[in-house]
Amino acid sequence: RRAARLEFDPATEVVSSYVHNGAGSNCGTSVALVQLKSSGSVDGLDALAKQLAMHVVAVKPKYLTTDDVPEEAVNKEKEILAEEAIKSGKPADKVDMIVK
């Protein structure tokens with residue numbers, strides 16, 4: 001379970017949420033909040049933020065930020081990507097560049 005405090009300027013930003021498997025008012029099995037900022041009008045951003053929140057819940061991320069990802073998990077993903085690149089016929093000398 002995670003908690004965070006969001007501060008935003010309603011003139012330039014929107015915050016929207018998605019609650020999956022709602023068990024009651026603002027209560028569900030998975031929840032996501034998305035904050036978007038615009039240099040122009042915020043009209044229409046709420047719908048986009050809600051769709052992005054739905055995608056976040058669907059993907060079920062394991063980590064909140066890139067700093068939270070353990071190095072061993074990053075290395076494992078790099079190995080997988082390198083194998084896929086080689087199997088797809090990418091030049092061996094370019095695989096490291098592709099993976100990074």
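The values are calculated or read from the model by the stated rules, or taken from the named source; none is laboratory data. Computed from a predicted structure; not experimentally measured. Cβ coordinates were reconstructed from backbone atoms using ideal geometry, including for glycine residues, and neighbour counts include every protein chain displayed. Ligands, DNA and RNA are stripped out before the accessible areas are found, and what is left, the full protein with its side chains, is counted by its heavy atoms. Shrake-Rupley method; radii C 1.70, N 1.55, O 1.52, S 1.80 Å.
What are the ³J(HN,Hα) couplings of segment 56-64, residue after residue, when phi is run through the Karplus curve with 6.51, -1.76, 1.60 and θ = phi - 60°? Round to Hz, x for glycine and proline.
Taking θ as phi minus 60°, the curve returns 4, 5, 5, 6, 6, x, 8, 10, 7 Hz for segment 56-64.
Quick one: how many lysine pairs does the chain have with C-alpha atoms less than 28 Å apart and a gap of 8 or more or different chains? Give me the count, please.
23
Taking H placed 1.01 Å from N in the peptide plane, check which residues at least 5 places from residue 69 or on another chain put their amide H under 5 Å from its amide H.
The list, which skips near neighbours in sequence, is empty: none.
When the helix-only estimate is applied to the chain (DSSP H runs of n ≥ 4, each -39,500 (n - 2.57), divided by the residue count), what is the mean residue ellipticity at 222 nm, nearest 500 deg cm²/dmol? All intermediate terms of the calculation are to be shown ahead of the outcome.
Values: 3 runs with 37 residues, N = 100.
Taken over the chain, the calculation gives -11500 deg cm²/dmol.
Extension gain residue 48-residue 92, at 0.36 nm per residue separation less the Cα-Cα distance, in nm? Before the final figure, lay out each step's value.
Values: separation 44, 0.36 × 44 = 15.84 nm, distance 4.00 nm.
The span from residue 48 to residue 92 would gain 11.8 nm if fully extended.
Compute a Gaussian network model of the chain, connecting alpha carbons closer than 10 Å, and tell me which residue from 36, 81, 52 fluctuates the most.
Evaluated over the chain, the most mobile residue of the options is 81.
Quick one: if the Förster radius is 35 Å, what FRET efficiency do residue 12 and residue 73 give, using the C-beta to C-beta distance and rounding to 0.05? Mind showing how you got there, number by number?
Values: r = 35 Å, r/R0 = 1.00.
So, using R0 = 35 Å, E works out to roughly 0.50.
How long, wide and thick is the chain, going by the Cα atoms along their three principal axes, in whole angstroms, largest first?
51, 36, 23
Provide the per-residue ³J(HN,Hα) series for segment 72-86, in order, calculated from phi with Karplus coefficients 6.51, -1.76, 1.60 and θ = phi - 60°, each as a whole number of Hz, with x at glycine and proline positions.
Each residue of segment 72-86 in turn: 5, 5, 5, 4, 5, 5, 5, 4, 4, 5, 5, 4, 5, 5, 5 Hz.
In square angstrom, what is the accessible area per residue of the chain with a 1.4 angstrom probe?
Details: 8250 Å² over 100 residues.
Counting only protein heavy atoms, the per-residue value for the chain is 83 Å².
Quick one: which residues, 5+ away or cross-chain, put their amide H under 5 Å from the amide H of residue 28? H built at 1.01 Å from N.
Here the answer is 23, since their amide H atoms fall under 5 Å of that of residue 28.
Which chymotrypsin sites (Phe, Trp or Tyr not before Pro) in segment 6-100 sit in a loop by DSSP (not H, G, I, E or B) and have at most 12 other Cβ atoms within 10 Å of their own Cβ?
Details: sites: 8, 18, 63; in loops: 8, 63.
When the chymotrypsin sites (Phe, Trp or Tyr not before Pro) of segment 6-100 are filtered for loop state and at most 12 Cβ neighbours within 10 Å, 8, 63 remain.
Roughly speaking, what is the centre-to-centre gap between segment 28-54 and segment 69-86 when only Cα atoms are used, to the nearest Å?
That distance is 30 Å.
Considering the chain as a Gaussian network with a 10 Å cut-off on Cα pairs, which listed residue, 39, 16, 30, attains the greatest mean-square fluctuation?
Judging by the Gaussian network model, the answer is 39.
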